[in-house]
1. What label, among [x] 1.65; [y] 0.98; [z] 1.19, belongs to Cα Rg over 2.2 N^0.38 Å computed from the structure on display?
2. Please find the FRET efficiency linking E117 to T91, where r is the Cβ-Cβ separation and R0 is fixed at 22 Å, and quote it to the nearest 0.05.
3. With labels modelled as points extended 7 Å from the Cα through the Cβ direction, what inter-label distance (nm, one decimal) is found for Y288 paired with E370?
4. Could you tell me which trypsin sites (Lys or Arg not before Pro) in segment 286-326 are loop residues by DSSP with no more than 11 other beta carbons within 10 angstrom of their beta carbon?
5. Determine the distance separating the Cα centre of segment 286-343 from the Cα centre of segment 108-142; give it in Å without decimals.
6. Under 10 Å from the Cβ of T184, count the other residues' Cβ atoms, weight Lys and Arg +1, Asp and Glu -1, and hand me the total.
7. Can you list the residues of segment 314-349 with backbone N under 20 Å from a point 7 Å past the Cα of E124, pointing along Cα to Cβ?
8. With both partners inside the chain, how many of the DSSP beta bridges are antiparallel, as a percent to the nearest 5?
Amino acid sequence: MKRFLFASAFVLVAVLTFVGCAKDDNGNASVPATAVVLDVTEKDLAVGETLQLTATPAPADTTDPVVWSSDKETVATVSETGLVTAVAPGTAVVKAVCGSVSATCTVQVVEPTPAVEYDIISFEEGEGLKDLEGKAVTLGDIEVVGGSAAGTHHQVFWAKPYAAEYGDPEAIMGLELDCPLFSTADENVWFGSYYCDCTGWGTQMDTWGGFVLSRNCNTTATAYDYANQFSVYAESGANSGNTFAVAYCNGMMGGAYSAPVIEFAKTPRTVAYLYMAPSTMLDSYYKYDAMAAKDRTFGFRITGSLKDVQTGTVDVTLVKNSTVEAGWVKVDLSALGQVDKLTFAPEGINPNKDFDPVYFCLDEIALVKE
């Protein structure tokens, strides 16, 4: 009996020794994987896109290789190194097998989104902007008469030169021009503007509203000064451009274009986005004017409409807790859909309430190509 037990024990030890010292094909001791993890377990891909998956087995010194497969190669394929390629719309499960363990990634393949193309309005000379006479828009020196902004201002285009011929000399406030002032080269997109010499008050004082064009940038103003009403608080136009629009919401004059209005005269368009920036006046007001409200948040509301029916609104904050936005802000207007008119107004307030300078700057308007 003792000899029999001794022999059985010897056989058992031999078997255990054989199992513990299993060899791979090269004669090396094998280490089986106990787990494998993928870095991505779910992913949406467009047709043609790729995804590099990484499998991490445990233990780190396992000798089991990672073997990749896809259950639907007509939807997504996978290479020997885990590179997934989206082939056609559908769902595929990519599996990484490591010895007796595995992990999966579910890949949802969709049709690629068509690239969206835009017509960009950046107000630069090469775009062929036209004035209300159909002539090329030209920026130059302008002379402002009366008021605290009196004097010569450089690189500006505004409505005053057209007032004598196209304005109303019998307006109550004095010689008045209130109309779309300049357009894109195709004469579809028009920017409204307003001018009044205010002689109805007994003396001339040039007043404007709506849109003008400018190339003036000023980020170093040290005082709140109406001489800066044509300047943007930025180093340049949006995306390093030179020319941009300056807008003034002149709520005192009552003209149709004394508040900023953009009209699409021939064909409605979808405006994907545009850029807005504070004027230098807005920045210097909060920094240097004692009347500036503290902890004030202020901005503008853009309203879209089509055939006189409102399509939606987008609010743009340019001042938050009395801190003015630094430079240009990209504003998404895609939610407004097709419009034939955009209007701009101070957000949630009446013009000039709390003395906020109701000026802003506008650039890089992106219209979706139909």
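1. The value matching this structure is [x].
2. 0.10
3. Once both label points are built, they end up 4.7 nm from each other.
4. Qualifying residues, ordered by number: K294, K307.
5. Centre-to-centre (Cα) distance: 21 Å.
6. Result for the local shell: -3.
7. The answer is 328-331.
8. If we restrict to bridges inside the chain, about 95 percent are antiparallel.
Readers should treat all values here as calculations from the given coordinates under stated rules, not as data from a laboratory. From a predicted model like this one, the values you see are computed outputs, not experimental measurements. Heads up, the Cβs are rebuilt from the backbone with ideal geometry, glycines too, and the neighbour counts pull from every protein chain shown.
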